[in-house]
Structures are given as structure tokens and as C-alpha cells.
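Student: Below are the C-alpha cells for one structure; questions will follow.
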Amino acid sequence: MTRGFVISVLMGCATLAAASPSAPRGMAAPTISVSIEDLSFVPAQLSVTVGTTVVFVNRDRLPHSVVGALGEKEQFHSDGQLDQGESFAVVLDEPGLIEVSCGIHSRMRARLIVTR
Ligand SMILES: [Cu+2]
């Protein structure tokens, strides 16, 4: 199930994520940001290790949402839509290939390859 997932929404904290890798207690886990611009996730593919925090930052004028799925199983989703300047952070604590999409624009896709 989704046990162990720590999901938090950071409102308007775009620069925070890029500047400081805020690791969960006792773990030196990295933080990586994915930008949403011009109806795309940038980068569209990312390889990370388990425990990495990924922060999705909406730098687009349009609202977007973030949905992550491992196969048929949803792994995470943003709390509603992200307006310009808002962000959504998720800790990836299971290995696998996560397909990321936008719940508003179905052609927006990204992949997160999570390894141990
Ligand atoms: Cu979108």
C-alpha cells in the first residue's frame, strides 16, 4: 500500500527545494526538483534512489496537478491543482518505474526511475 509515504505540499516555496536538501530525520536523502513549464515536466525522465524527495514546481502560467503511478497503482498525487509558483513534494520510498502525469493535461508525462 502507500504506507510510509510522506507527502507534503509546499505552497510557493520554489526556491527552498532547489537550495537546501532537507533530509528526513537521520537520513542523508537528496532532494531533486522537477519543473513544470510550457505543459511539460522538466526533466521528463529522472533516475533517483529510494528516499529521494522530488519537488514538483509549477513554473507555468497554467495550473497543473501531479499524479504518480507504479503500474496500475497510484503512488502519490498533489492535493488538487498547483497554480503558478506552487509546488508539491513527495518522498519516493519504493523502487520501481513511476509514471508521472498531470491530472489536467493528459499528454503531460514524466518518468521517475527509483532504485535502491
Ligand atoms: Cu497540466
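The values are calculated or read from the model by the stated rules, or taken from the named source; none is laboratory data. In this text, all values refer to a predicted model and were calculated from it rather than measured experimentally. Here the Cβ is made from the backbone with ideal geometry for all residues, glycine too, and neighbour counts use every protein chain on show.
Student: Hey, among 105, 77, 64, which residue is within 15 Å of the ligand (Cβ to nearest atom), more than 17 Å from residue 31 (Cα to Cα) and in contact with a Cys (Cβ under 8 Å, 6 or more places away or on another chain)?
Tutor: The conditions single out 64.
Student: Condition test on residue 31, is it touching a strand residue (DSSP E or B) at 6+ places or on another chain (Cβ under 8 Å) and free of Cβ contacts under 8 Å to residues at least 60 places away in the same chain?
Tutor: Details: touching a strand residue (DSSP E or B) at 6+ places or on another chain (Cβ under 8 Å): yes; free of Cβ contacts under 8 Å to residues at least 60 places away in the same chain: yes.
Yes; evaluated as a whole, the condition is true for this residue.
Student: Okay, moving on. What tally of residues in segment 43-61 results from selecting those that are away from the ligand (no atom under 12 Å from the Cβ) and within 21 Å of residue 115 (Cβ to Cβ)?
Tutor: Number satisfying all stated conditions: 13.
Student: Being more than 13 Å from the chain's Cα centre (by Cα), basic (Lys, Arg) and at pLDDT 95 or above narrows it down to one residue among 25, 59; which is it?
Tutor: 59
Student: Criterion first (over 13 Å from residue 111 (Cα atoms) and at pLDDT 95 or above) does residue 78 satisfy it?
Tutor: Values: over 13 Å from residue 111 (Cα atoms): yes; at pLDDT 95 or above: yes.
Judged against the criteria, residue 78 is a match.
Student: Now for a different question. If you go through segment 96-108, how many residues are of a type outside the set (S, T, N, Q) and under 12 Å from the mean Cα position of the chain (by Cα)?
Tutor: Of the residues in segment 96-108, 4 are of a type outside the set (S, T, N, Q) and under 12 Å from the mean Cα position of the chain (by Cα).
Student: Counting only residues that are part of a loop (DSSP other than H, G, I, E, B), crowded, with 17+ Cβ neighbours inside 10 Å and modelled with pLDDT of 95 or more, which one in segment 81-102 is farthest from the ligand (Cβ to nearest atom)?
Tutor: Narrowing segment 81-102 to residues part of a loop (DSSP other than H, G, I, E, B): 81, 83-86, 92-95, 102.
Now narrow it down to the ones that are crowded, with 17+ Cβ neighbours inside 10 Å: 86, 92-93, 102.
Pick out the ones that are also modelled with pLDDT of 95 or more and you get 86, 92, 102.
On the way: 86: 13, 92: 21, 102: 3 Å.
Ranking the candidates gives 92 first.
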